[in-house]
Amino acid sequence: MEPGLVKQFTIGPDGLRSIKNRSLINALVMLPFIVVPCLLSDTGTYTINGVRQPQFDSNLVGAIIMTGIFFITVFIGLRQLVAKYRQYTIRLNYQLIEKRGLANQKIVIINVVDIKGITRRHDGSFYIYSSNSAPLFIPKQMENREELETTLIALNVPFSTGPYGFFLKTLKSHIFSRGRAASC
């Protein structure tokens, strides 16, 4: 990569579909936890001369209303999520890494000199750890992931793989160095 060249990476249509499907599956897993308690609660019966008489079953109506509210909320959330990731852009050169999201989100700019390490997780996503900002997350659904990875490796900063990688190593060394100093 030439020093002045800026490379830009976005999430393509397949990545957006993947994000949407995964989020929908995660939301649908919650549906039984909403509907089943509505259906299993007290059915609203009353007793006349020792015989139980059924009353209007408000539980079914409650379950239907809760399911409707759930689906409306999920689909509004999915639409907002896709809009967020559609505008997600990473721009790289040898001096800066820039992340752009929605128009109302701030642009995150990390100077390459400030990078402490980059971790590639087992699922293909990346975390960039910097000394002056929170970890920058790069999702696995980015287009041209191989080119993105080679560009990140070319930055000549500590690069690791694993679930936590660089962050966990730094945390362990920090904790254990304090422990040794305290015991001396």
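Values in this text are rule-based calculations from the coordinates and carry no lab data. Just so we're clear, the structure is a prediction, and the values are computed from it rather than from any experiment. FYI the Cβ positions are ideal-geometry reconstructions off the backbone, even for glycines, and counts take in every protein chain you see.
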- Rounded to the nearest 0.05, what FRET efficiency do Met30 and Gln95 have when you use their Cβ-Cβ distance and R0 = 30 Å? 0.10
- Hey, with R₀ at 35 Å, roughly what FRET efficiency would Ala154 and Gln105 work out to, going by the Cβ-Cβ distance, to 0.05? 0.80
- R0 of 25 Å, Cβ-Cβ distance Lys7-Gln80: FRET efficiency to nearest 0.05: 0.35
